[in-house]
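Reviewing the structure listed below.
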Amino acid sequence: MGTFTMTIDGRGVGSARHLDVIDPATEQVCGQAPDCSPEQLDEALEAAATAFRGWSALDGEYRAKSLVAAADTLERETEELAALLTAEQGKPLGQARTEIASAVRWLRYFAGFRPGREVVQDDEVASVEVVRRPLGVVGAITPWNFPISLAFWKIAPALAAGNAVVVKPSPYTPLTTLRVGELLRGVLPDGVLSVVSGGDALGARLTRHPVPRKISFTGSTATGRKVFAAAADDLKRVTLELGGNDPAIVLDDADVAAIAPRLFLTSFANSGQVCVAVKRVYAPRRLYAELVDALVEQASAVRMGDGRDPGNLLGPVNNRPQLDRVSDLVADAVSRGAVAAAGGSRLDRDGYFYAPTVLAGAEDGMAVVDEEQFGPALPVVAYDDVDEVLERANASHFGLAGSVWGTDVERAARIAGRLEVGTSWVNAHMALAPHIPFAGARWSGIGTENGRWGFEEFTQLKVEYVAGGRRRGTAEISNQSGPRAG
Ligand code: NAD
């Protein structure tokens, strides 16, 4: 698929060294990405700082038009981008197209946003307005599971608010993001959106660099901690979207046959490599065997294979270390008494394929239940009592999302309301949209993406206070005093 260039100040930039990118379905190199040097990163950030001045001063209407033009460009190039995404990430082509479509959707949605201005006082004492200003340069760091949609969760609102963005994709999946940078040259003003590629050290350098005023990071909790610590020195703003270990609680009135396909898909989509996938299912003892059987039926029927074959619904695990981690977690659970009722091993073929695995007899305390597996292996844990299961579901360092499944929707909603997470769903999981805020509790993150809440995180709140009110002159206010400072 060739060599790709970084986008710095609107220009294509190569580098002395390259990173090989592996196609996880074939284990062959599918492309090369530049390894950005420290000097090139400096250049990208300086260019972004310069571009920010012009971009932030533009009329919001002009910025909106640019974002819509960017959306049109990506939409036009969907086929090329989706093929590249499948090659480097592994997800089936149809889902890769959906991911490109989501970037388009996010751009169009946030194109309508402008930093707001709100009057909070307007009387003879003062006119006080709260305005939102862009922050400056934003560093966006993304993981390998949804490199494009997660990049645009950041790029779209950040640009609409008037910031400039430098995005650094994961070294496992940099190619589609680099190609997006190439396609958007000339569509967005130079320097407004730069794309740099490299290893983890590049992310660390971006985070420590004095130019960005904010780091918007999506990735693992372990890396999120490092980003948070590195940003602290310079008091950079951060948004951290981190790991999850989402519980799905099936209630005793659930219609197992009806929910099993949805429960399966919301756990195994993208071969389980979704931050908000169902990662542990709690089933009432009465329905336990029936639910395990129904999930096993789904796992046995689903087709896993090369994402370029349209018959496949599931692709490989993205990379070797993650494949090893999933294998180890399943082996550990089995050694502690769980049973792989479906799957339980790699597929006997090239590529990082791990068979869709349903772990019956799983218990809290097993690593596959307590930690984030991030792969196609789902533990099913039995419970006896709703209060007890809520306590167990909440007894996690993570708090990204969770769901409750049952026929009595009101009861299910009451129980879901007690989940200590950023999002709870009833009879659904993984339902995300640009207008719905997304945030993690506890170790799952800091800050919010999406909706007006996410947009505002790319702005600085500023108070504009005019003594005596805007409609009156200084002579009239000389004898008045404003509210006392606290
Ligand atoms: P990761 O933390 O290993 O890497 C994420 C990004 O951070 C990559 O671009 C990487 O190069 C970069 N990076 C690594 N070290 C860095 C450092 N010291 N400073 C700055 N950047 C650094 O995560 P991953 O393995 O690519 O992704 C999987 C993880 O992401 C899972 O834990 C998953 O739950 C999480 N995730 C969370 C969300 C969410 O919205 N909450 C969404 C998707 C994925």
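Observations
- Enumerated strands (runs of 3 or more DSSP E) restricted to region 226-286, each holding at least 2 residues that are hydrophobic (A, V, I, L, M, F, W, C) and under 18 Å from the mean Cα position of the chain (by Cα): 237-241
- Residue within region 421-434 that is over 22 Å from the mean Cα position of the chain (by Cα), in a loop (DSSP other than H, G, I, E, B), surrounded by fewer than 16 Cβ atoms within 10 Å (Cβ to Cβ) and of a type outside the set (Lys, Arg) present: no
- When residues of region 355-390 are limited to those that are under 21 Å from Leu313 (Cβ atoms) and open to solvent by 10 Å² or more (accessible area, probe 1.4 Å), the one nearest to the ligand (Cβ to nearest atom): Phe374
- Some residue of region 248-258 being under 28 Å from Gly375 (Cα atoms), open to solvent by 10 Å² or more (accessible area, probe 1.4 Å) and either among the charged types (D, E, K, R) or outside the structural domain of Gln298 (by TED's automatic domain parsing) (or both): yes
- Exactly one residue among Arg205, Arg185 is in contact (Cβ under 8 Å) with a residue 60 or more places away in the chain and within 11 Å of the ligand (Cβ to nearest atom), and that residue is Arg205.
Every residue, every condition in (1) within 16 Å of the ligand (Cβ to nearest atom); (2) under 30 Å from Ser149 (Cβ atoms), yes or no:
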{"residue": "Val238", "(1), (2)": "yes, yes"}
{"residue": "Pro247", "(1), (2)": "yes, yes"}
{"residue": "Asp253", "(1), (2)": "no, no"}
{"residue": "Ala258", "(1), (2)": "no, yes"}
{"residue": "Pro261", "(1), (2)": "no, yes"}
{"residue": "Ser267", "(1), (2)": "yes, yes"}
{"residue": "Asn270", "(1), (2)": "yes, yes"}
{"residue": "Ala277", "(1), (2)": "yes, yes"}
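- The set of residues in region 196-222 being aliphatic (A, V, I, L, M), more than 18 Å from the chain's Cα centre (by Cα) and open to solvent by 10 Å² or more (accessible area, probe 1.4 Å) consists of Ala201, Ala204, Val211.
- If the condition is being farther than 21 Å from Ser194 by Cβ and touching a helix residue (DSSP H, G or I) at 6+ places or on another chain (Cβ under 8 Å), then region 26-59 contributes only Cys30.
The values are calculated or read from the model by the stated rules, or taken from the named source; none is laboratory data. Please read these numbers as outputs of a predicted model, since none were measured by experiment. No Cβ is skipped: glycine too gets one built from the backbone with ideal geometry, and neighbour counts run over all protein chains shown. In case anyone asks, the SASA skips ligands and DNA or RNA and just uses the protein heavy atoms, side chains included. Shrake-Rupley method; radii C 1.70, N 1.55, O 1.52, S 1.80 Å.
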